[in-house]
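Right, one structure below, let's go through it.
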Amino acid sequence: MIRVNGRDYRLAHQPTVVVCVDGCEPDYIAQSVAHGHTPWLKEVLATGTVLIADCVIPSFTNPNNLSIVTGVPPSVHGICGNFLFDTESGTEVMMNDPKWLRAPTLLAALSNAGQSVAVITAKDKLRKLLGHDMKGICFSAEKADEATLDENGIDHVVEAVGMPVPSVYSAQLSEFVFAAGVELMSHERRPDVMYLSTTDYVQHKHAPGTDGADAFYRMLDHYLGKLDAMGCVIALTADHGMNAKTQMDGTPDVVYLQDVLDRWIGAGVARVILPITDPYVVHHGALGSFATVYLPAGADHTDLARRIGALRGIDSVRSRKEAAAFFELPPDRIGDLIVVAERSTVIGTAASRHDLSALDAPLRSHGGISEQRVPLIVNRRLRDIDPARRWRNFDAFDLALNHVE
Ligand code: ZN
Ligand code: ZN
């Protein structure tokens, strides 16, 4: 047994794979199963353990991947978005660096306990955080051709997988993750524990049940079926769901909150931060359903919260203190107000700062409470499971390590 962030875990005694399918709203699985594309998933739904879990808010990629590998919410591990506003320097800084991580990962703890651990991510932005202090294999599909024994614990990845390095904006980037996972597991010295994390490029473009989505899940089903056939325990969950965020004419339904606040209290007086912002904005235009607002000294927080909450498309506005408690966020890394949009609405800063020309499909995005429901599926019938309790995506390792016979 090892104890990590207050939770106990058994060491893996059979190969164990936790998969984070980026943007996997549960309906993607339902539709692909109903359309007959995913025989492995269909079988698992009948014979394994199938739960609906809540992800952490903001329903973004980094906070949730870090929750899954630490077993705790952002209030403990510290990663509450892709971006952080550093009030001291007055600048927005990326939170990709492990220096922002406040808790050890289970992956590091397992590797330090002598287990062989492998981590494969689609985008490189997550790699350093997930691999922090970990011994073993850790690389991204995006930079698979740059992997070295020294830095990543593995080299010649592209030759071994037999697939060229895919574009960062492609379904193949996620396929590379699965194919590499199968390749690692097919060796005699296979990992005890493997964590696979994909990208939501497909989910941002394709709604559940459409050809593009079904093809993605058919691909996923193929590779996970192979891992299952090798005897792996597989726990599948997601970092967040995904919803259409459009008006009736198909254009994005955006509340430009910086523009609103500039009108109310003066240009640039308040600062709206969108923690979805990252270097890969083509598929979502940096628009999500979550924002945090820094207000100047002397501003009437209560009145502004009430006025923002009354805007069309806004679901809720909470103070820093309320949001930190309700969403389990680190209070020192969020603004004075936390604003969450409704299911079909996203929050922007200023209209002039969002380049939507690259959006080649009606906007689908995430970030809000409306994208909190995710699948939590294990390919084994588990013991001591209460389906009525509130499960979290960051219970995935607990299920896979502690509850499998
Ligand atoms: Zn994501
Ligand atoms: Zn996304």
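The values are calculated or read from the model by the stated rules, or taken from the named source; none is laboratory data. Please read all numbers here as calculations on a predicted model, not as lab measurements. FYI the Cβ positions are ideal-geometry reconstructions off the backbone, even for glycines, and counts take in every protein chain you see.
Tabulated data
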quantity	calculated
Any hit, the range 332-349, residues being basic (Lys, Arg), within 16 Å of ligand 2 (Cβ to nearest atom) and assigned by TED's automatic domain parsing to the domain that holds residue 269	yes
Whichever residue in the range 186-207 is in contact with a strand residue (DSSP E or B) (Cβ under 6 Å, 6 or more places away or on another chain) and within 25 Å of residue 32 (Cβ to Cβ) and, among such residues, is farthest from ligand 2 (Cβ to nearest atom)	194
Test: residue in the range 145-161 that is of a type in the set (S, T, N, Q), at pLDDT 95 or above and not assigned by TED's automatic domain parsing to the domain that holds residue 329	yes
Qualifying residues in the range 365-385 (those that are in a loop (DSSP other than H, G, I, E, B) and away from ligand 1 (no atom under 16 Å from the Cβ)) - the one nearest to the chain's Cα centre (by Cα)	379
Any hit, the range 34-55, residues being within 13 Å of ligand 1 (Cβ to nearest atom) and not basic (Lys, Arg)	yes
Residue selected from the range 246-259 under the condition of a type outside the set (Asp, Glu) and closer than 23 Å to residue 271 by Cβ, by the criterion nearest to ligand 2 (Cβ to nearest atom)	252
Residue in the range 4-20 that is within 16 Å of ligand 1 (Cβ to nearest atom) and in a helix (DSSP H, G or I) present	no
Residue count for the range 315-329, restricted to those that are buried (at least 20 other Cβ atoms within 10 Å of the Cβ) and out of contact with any helix residue (DSSP H, G or I) (no Cβ under 9 Å at 6 or more places or on another chain)	0
Residues within the range 328-353 that are within 23 Å of residue 87 (Cα to Cα), touching a strand residue (DSSP E or B) at 6+ places or on another chain (Cβ under 7 Å) and not hydroxyl-bearing (Ser, Thr, Tyr), tallied	11
Number of the exception - residue 362 against (1) assigned to a strand (DSSP E or B); (2) over 19 Å from the mean Cα position of the chain (by Cα)	(1)
Test result for residue 61, within 24 Å of residue 293 (Cα to Cα) and among the hydroxyl-bearing types (Ser, Thr, Tyr)	yes
Number of positions in the range 41-66 that are more than 16 Å from ligand 2 (Cβ to nearest atom) and in contact with a Phe, Trp or Tyr (Cβ under 9 Å, 6 or more places away or on another chain)	5
Qualifying positions in the range 60-84 - of a type in the set (S, T, N, Q) and either without any contact (Cβ under 8 Å) to a residue 24 or more places away in the chain or within 29 Å of residue 383 (Cα to Cα) (or both)	64, 65, 67, 70
Of all residues making up the range 298-349, the number that are part of a helix (DSSP H, G or I) and in contact with a Leu (Cβ under 9 Å, 6 or more places away or on another chain)	7
Single residue of the range 21-40 satisfying the filter (within 16 Å of ligand 2 (Cβ to nearest atom) and either in a helix (DSSP H, G or I) or within 26 Å of residue 186 (Cα to Cα) (or both)) that is farthest from the chain's Cα centre (by Cα)	28
Hey, residue 96 in contact (Cβ under 8 Å) with a residue 60 or more places away in the chain and surrounded by 17 or more Cβ atoms within 10 Å (Cβ to Cβ) or not	no
Per-region count, the range 208-229, residues outside any loop (DSSP other than H, G, I, E, B), surrounded by fewer than 23 Cβ atoms within 10 Å (Cβ to Cβ) and within 16 Å of ligand 2 (Cβ to nearest atom)	1
